Amino acid sequence: MTSQPASVPPAGAYGSSPGTASSAASSSDPNRAPSNDPNSVPGSAPSLRLRFGCGTDRGLHRAMNEDSFIAADPVFAVADGMGGHEAGEVASGICVRTLAEMPQLATGQRDATAAVVQQYLLQADAGIREATGSRAGTTLSGVVVVEQMGVPYWLVVNIGDSRTYRLSHGKLSQVSVDHSEVQELVDAGEITPAEAAVHPRRHVVTRALGTGDETAADYRLLPVEEGDRILVCSDGLNGELDDQNIARILGSESDPQAAVDELIRAALRSGGRDNVTCIVVDSSTPANVEAARAAPA
């Protein structure tokens, strides 16, 4: 068993061009998994162009990498396995491989719905339970790019405490909501977000795939804004870097793969106590889409 997440989908599940390799893929660090070339991805319609980078690292203290990810237009998601002793790796791998079976990845169409995504997550949940005897689970967070009447949206999906952020007009915001004990305490006003970041039970999730009773993901539909930058990450990133540092790196690295690489390096410099996985997706919307948005309904 390698230290890389063997559960990451094969090269064909990524949006990279054949024969290309990113800086992360050419790294001599044996703990780093290959990541795609951040080429422009036009998708199925001229209404949105994407550029993205992705990467993962087992961190400095973990024996193996239990994170998995999928980065293939229109699905960009990170799964963080739980269970240890390879079980977490199995759970996250089943999750992303199941998502890779969505027909939109084969056709390039951006017509998925929350119901379609949830259908595949339920399949993943069943597959994880069968493979691990319900002894392992995984979180999942990310975006699925969808289009309605030629206008693109981010369909944000989240279950557990992996996160999705959006950097828009220079402001970073967390667009997923953690399913965790500390988030419930924050929502109840019992602790502050700063206290949640160091709370001893901050890693206890209240929803996951493959284990427990709560397996429904949350969904949120956000219009794509010109210049949006999406970050999807496992908690190995935000557990080491606060939002201010994440925003600084996202704002200073114009290339999405360079941003991913620097985020991972920064998390390792901060301690690297967990597996770290990141996907950065940049959007560009042509003028005709802006005109469609401005047109009267």
Residues whose built amide H sits under 5 Å from the amide H of Asn158, excluding neighbours closer than 5 in sequence, are Asp218
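Compute the Cα gyration tensor for segment 70-121, then decide on rounded, prolate or oblate, letting a ≥ b ≥ c be the square roots of its eigenvalues: rounded whenever a/c is under 1.5, prolate when a/b is larger than b/c in the other cases, and oblate in all that remain. Could the numbers behind the result be given before it?
Values: a/c = 2.93, a/b = 2.24, b/c = 1.31.
Prolate, since a/c reaches 1.5 and a/b exceeds b/c.
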Table column - 3J(HN,Hα) (Hz), segment 91-103, Karplus curve with 6.51, -1.76, 1.60, x for Gly and Pro: 4, 5, x, 4, 4, 6, 5, 5, 4, 5, 7, 4, x
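If you roll a 1.4 angstrom probe over the protein chains with everything in place, what fraction of the accessible area of segment 219-289 belongs to carbon and sulfur, to the nearest %?
That fraction is 46 percent.
What does the C-alpha gyration tensor say about the overall shape of segment 102-191? Classify as rounded when a/c is under 1.5, otherwise prolate if a/b is larger than b/c, or oblate. If you can, show how the numbers build up before the last one.
Numbers: a/c = 2.74, a/b = 1.07, b/c = 2.56.
It is oblate, given that a/c is not under 1.5 and a/b is not larger than b/c.
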Computed ³J(HN,Hα) along segment 130-138: with the Karplus parameters 6.51/-1.76/1.60, θ = phi - 60°, integer Hz and x for glycine or proline, the list is 5, 6, 10, x, 6, 8, 9, x, 8
Please list 3J(HN,Hα) in residue order for segment 210-219, calculated via the Karplus relation 6.51 cos²θ - 1.76 cosθ + 1.60 where θ = phi - 60°; whole Hz, with x for glycine and proline. x, 7, x, 9, 9, 10, 7, 7, 8, 10
Ignoring ligands and nucleic acids, what accessible area does Ile264 show with a 1.4 Å probe (Å², nearest 10)? 0 Å²
Just by accessible area at a 1.4 angstrom probe, what is the order of Arg269, Arg110 from largest to smallest? Arg269, Arg110
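Could you rank His179, His169 by how accessible they are, 1.4 Å probe, largest area first?
Details: His179 15, His169 160 Å².
Accessible-area ranking of His179, His169, largest first: His169, His179.
I need to check one value: relative contact order of segment 147-257, counting alpha carbon pairs closer than 8 Å and at least 6 residues apart, in percent. Intermediate results must be reported in sequence, preceding the final value.
Working: 150 pairs, mean separation 40.6, N = 111.
That works out to 37 percent.
The values are calculated or read from the model by the stated rules, or taken from the named source; none is laboratory data. Model, not experiment: these values are computed from the prediction. Each accessible area value is taken on the protein alone, full model and side chains, heavy atoms only, with ligands, DNA and RNA left out. Shrake-Rupley method; radii C 1.70, N 1.55, O 1.52, S 1.80 Å.
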